[in-house]
1. Quick one: net charge around Ala23, please, counting Lys, Arg +1 and Asp, Glu -1 for every other residue with C-beta under 11 Å from its C-beta.
2. Applying a 10 Å radius around every beta-carbon, put 33-44, 64-75 in order of their mean neighbour count, most first.
3. Give the calculated FRET efficiency between Glu74 and Val44 to the nearest 0.05, with a Förster radius of 35 Å applied to their Cβ-Cβ distance.
4. Show which aspartates and glutamates lie in cross-link reach of Lys50 when reach means a straight Cα distance below 15 angstrom and same-chain residues fewer than eight apart are skipped.
5. Near Lys22, which aspartates and glutamates are there with a Cα under 15 Å away, not counting those fewer than 8 places off in the same chain?
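FYI, it's all coordinate maths here, none of it is from the lab. Predicted, not measured: the structure shown is a model, and the values here were computed from it. FYI the Cβ positions are ideal-geometry reconstructions off the backbone, even for glycines, and counts take in every protein chain you see.
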Amino acid sequence: MTAFYNIKCNLIQVISMAIRIKARYENDMLKPLEKLELEEGEEVEIEVKKASVEEFHGKMRIDKEIADEIIEMEIWD
């Protein structure tokens, strides 16, 4: 039971180490917009998502009816 408990605690610690930051793509490289607490040479897993819909609010003018139809499509995360 103790070995299982130790594995479970280690797994929880690893899962809790995930962070989410924004980055900018420049010159074929992703550049973090904030400091990362990583050691030199440390490997990470990256999931790339484009900017969310909320960041585009007010950038495009469409009829209210079309906007309502888009919202009703329920395709959002």
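1. Working: positive: Arg20, Lys22, Arg24, Lys31, Lys49; negative: Glu26, Glu34.
Here the count lands on +3.
2. Values: 33-44: 7.4, 64-75: 9.0.
Those peptides, ordered most packed to least, come out 64-75, 33-44.
3. On the way: r = 32 Å, r/R0 = 0.93.
Working from the Cβ atoms, E equals 0.60.
4. Result set, ordered by chain and number: Glu26, Asp77.
5. Partners found: Glu34, Glu37, Glu45, Glu47, Glu54, Glu55.
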